Structure formats: structure tokens, C-alpha cells
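Working notes, beginning with the structure itself.
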Amino acid sequence: MTILHGTRVLDFGRYIAGPFCGALLADLGADVIRIEKVAGSEDRFTAPVTEDGQGSGFMALNRNKRGFTLNPRKSKGQEVLRRLVATADVVIANLPPDTLESMGLDYATLCGIKPDIILTTSTAFGSAGPYGTRVGFDGVAQAMSGNMHLTGYEDEPMRNYFPYVDYTTASLNAFATLAAIIHRMNTGEGQHVEGCLLASALTIANGTLIEQAILDNNRVATGNRGQTAAPIDVFRTRDGWILVQVVGNPLFERWARLMGEPHWLSDAKYATDEARGDNSAEISARMGTWTAGRTTAQAMTELAEARIPCGEILTPAQALTNEQVVARRFLVGTDYPGLPCPAPVARMPVDFSAADTGVRRRAPTLGEHTAEILEELGYTEVEIDELRAMRAV
């Protein structure tokens, strides 16, 4: 079974924050219709992997969806939009408020068509305040939350390679959309759910921000070396690199036993996580000596036997073939037109004991299901041809 069977979602998202929210709802069984420009949305062509330019991110973020093209700025396109909205439960759109209004996707307009509609949007900074009309991407929120200042090195702020703020915002929006659906089930009332990149980034940074506000300690970046416990760092082995994270006294005791050096447990300099964080360079140096004499496999085996959290530093190529990744089928080989081999598409990263959340459908080709959906809305074949001729769909 699927949890959201019978729920229709119109996904006007682009890039990540909107589409990943839609993908999660699609994984749960909603009929998610990804709506693009007639010529294709920009994110369809980001990081192309086929000869005709289809993007890898689009394949990942639009699994389990149907594809539809629409130009809502044309009068006939607006007519199609109104018919679509009348059949929908949720509209997703990560677009600026003025753009939503110009396209007829603002909450007031949508409610005029479907009074109990749920609109889920995301902006860079929130729709009000001095930055309310600004646009921004994941990296901007990373920069403004303190993350870039603390990532990398003291003389070089560094952005996370993977856009964690976008994915966090999308995940929170999916969570909030489910809450709004439950609210509507209980009250009959729809609502506008609004996520925000900067708010998501500040939420992730919140513990550090509280520490700063209370202690005024002005932390600076220390590369991979942790600052609130130790050893937390990356360490070179004889044939690669590993990451080790030791947090809390029980883990530190196990680490000291693994080193065969009980003095780490009797010295006040290392008595607490805070103290170990303040003296983390010394602890990292000791750990580095230990790993330098071992292969990655040897170090991982000994650390795992000691029940100390650790992981190999894998390249993307190695991540694809890692034995745990393969065994748990976290990535599902999924065909797509024009690919020389199936794409390893990430399934929903949560398992349910009583629901199917697998990859049931590959990402759609451009406008793949447009005619099918228009027929569901009552359009005839002749009317569909006319809509195509005027580039309304």
C-alpha cells in the first residue's frame, strides 16, 4: 500500500527545495505532477548526463512523478491551470511571492479555485522583512547562518559541497505539508505552508548560535578537527583516509583503551568533552599516529570492534559500490531514455514496515504525461492539439 494514495500534488518547484519536497510526497504515494515550462525548466538540464542534456539532479528529484508542461501566462494556460488546481490537494512552488502572483499561484488565487487547497512554498529569506524580496540559493543561507565561517579553515570560509540547506528545507516542507493535510482532515481547512532556506540553516546552526550568544566565544574554523569533543577528525591511513568521531566519556574511555594509554583518562585536560575539544589538536595527533601505521581496512576493523564511530572517506565512485550501500539498496538502478546504463537513484531514505515507498516510476521526460493528464481533466484530442499549437502546454 501507499500512504498518500488519492492525494494529488502539483509540483511547480525548481532545482531542489521544491522538487525534493514533491519527491518525498510522491514516494509516499501521492500523484505528484511535475509542471515545467513548455521548453523545459532550468533544473532539467543541470549537470547533464545524456546526449540531449538531461540532468542528473532532475532524475534524482523527480522520481515517482508524472511530467506536464504548461505556460500559465497564456490565457488558455490559465484555463488549464484552474482545471488542474480544482483537482489538487497540494500545490508546491518555490518561487518569489511576486512571481507566484503573476502566475496565478498565490494562495488567495488558489483558494478562489479550491478553498481547501494547501500551498507549500519556500523562499530564501522568508516573504517579509528587509530581505523579503531578495532571491537566493542554498549557499547564501550557508553563508549567513555561520556555517561557512566554521567550515574549512580560519583564513578561508568554505561552502559545503552538497546543498544541505535545500534538502533540509524540502524535508521540513514535506513534513509540514503532511501536517497541513492532517489539519485539513480534521477541520476541512487548507492553508499556506512556507519554508525558508535561511531559517532552515539557522535551525541546524542553533546550538552553536546559542553558545555564541551566551559565551561570546567566537569560534573559528579548524578544518576537519572538531571543537566540542575529541578525537573528531579525518586521519590518514597507509592507503587512504578515515573519519573518527568520539563524543562522550564512554566513547573516550573506549578510545583510550584502544590506544592502550590510560593516562588520557586521569589527566584533567581530557576529563570532559569540552576540555577535550579545547585540547583536540593533541588528541588528533595521537590518533593520527595510530592510523598511520594501519591500512584503512585494518583501522576500520579495530575501531569497529572497539565500538567507536568511524567511516572510510569514500570517493563518489567508491560510495556507489560500498558494500553497505549495495546491501541496503539505498540507490536503485533506474532506466532513463538516453542513458548508457541505469541511473543509481536514491530511494526514500526511510523504511516503513507497512508501506511501499520505493522507486516505482523514473523521472518523466519533458511533457511525458501532458496528454494523459489533460484527458483526465476532460480535454478532447482536438483541444489538446490546439493547446499544443499555441504553446499553452
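Values computed for the structure shown
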{"quantity": "Square roots of 5 times each gyration tensor eigenvalue, C-alpha, the range 319-363, largest first, Å", "calculated": "20, 16, 6"}
{"quantity": "Label-zone membership for the range 280-300, site Arg328, 7 angstrom Cα→C-beta point, backbone N under 12 Å", "calculated": "none"}
{"quantity": "Radius 11 Å from Cβ of Ser200, net charge of other residues (Lys, Arg +1; Asp, Glu -1)", "calculated": "-2"}
{"quantity": "Neighbour-limited loop hits for trypsin sites (Lys or Arg not before Pro), the range 294-344 (at most 15 other Cβ within 10 Å; DSSP other than H, G, I, E, B)", "calculated": "Arg307, Arg328, Arg329"}
{"quantity": "Simple label model, 7 Å out from Cα along Cβ direction - Thr321 to Thr187, nm", "calculated": "5.5"}
{"quantity": "Using a Förster distance of 22 Å, the FRET efficiency for Leu314-Cys341 (Cβ separation, nearest 0.05)", "calculated": "0.65"}
{"quantity": "Cα→Cβ-extended label distance, 7 Å offset, between Arg225 and Asp239, nm", "calculated": "2.9"}
{"quantity": "For the range 252-371, accessible area per residue (1.4 Å probe, heavy atoms of protein chains only), Å²", "calculated": "57"}
{"quantity": "Beta bridges per DSSP with both ends in the chain, % antiparallel, nearest 5", "calculated": "45"}
{"quantity": "Binned Cα-Cα distance frequencies in the chain - 10 Å width, integer %", "calculated": "5, 19, 25, 23, 16, 9, 4, 1, 0"}
{"quantity": "Residue-count net charge about Pro115 - beta-carbon cut-off 14 Å; Lys, Arg +1, Asp, Glu -1", "calculated": "0"}
{"quantity": "Charge sum, other residues only, whose C-beta stays under 13 Å from Thr272's C-beta, Lys/Arg counted +1 and Asp/Glu -1", "calculated": "-3"}
{"quantity": "FRET efficiency, Phe162 to Thr301 (Cβ-Cβ, R0 41 Å, nearest 0.05)", "calculated": "0.90"}
{"quantity": "Potential extension, Ala213-Leu377 segment - 0.36 nm per residue separation minus Cα distance", "calculated": "53.5 nm"}
{"quantity": "222 nm mean residue ellipticity, helices alone, for the chain (DSSP H n ≥ 4; -39,500 (n - 2.57); rounded to 500)", "calculated": "-12000 deg cm²/dmol"}
{"quantity": "Accessible area per residue, Å², the range 1-110 with all protein chains present, probe 1.4 Å", "calculated": "35"}
{"quantity": "Tail fraction, Cα-Cα pairs, the range 24-124, threshold 24 Å, whole percent", "calculated": "25"}
{"quantity": "Carbon plus sulfur fraction of accessible area for the chain, probe 1.4 Å, in percent", "calculated": "55"}
{"quantity": "DSSP beta bridge pairing in the range 4-111, given as percent antiparallel to the nearest 5", "calculated": "10"}
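The values are calculated or read from the model by the stated rules, or taken from the named source; none is laboratory data. Here the structure is a predicted model, which means the values were calculated and not measured. Cβ: placed from backbone, ideal geometry, glycine included. Neighbour counts: every protein chain shown. In case anyone asks, the SASA skips ligands and DNA or RNA and just uses the protein heavy atoms, side chains included. Shrake-Rupley method; radii C 1.70, N 1.55, O 1.52, S 1.80 Å.
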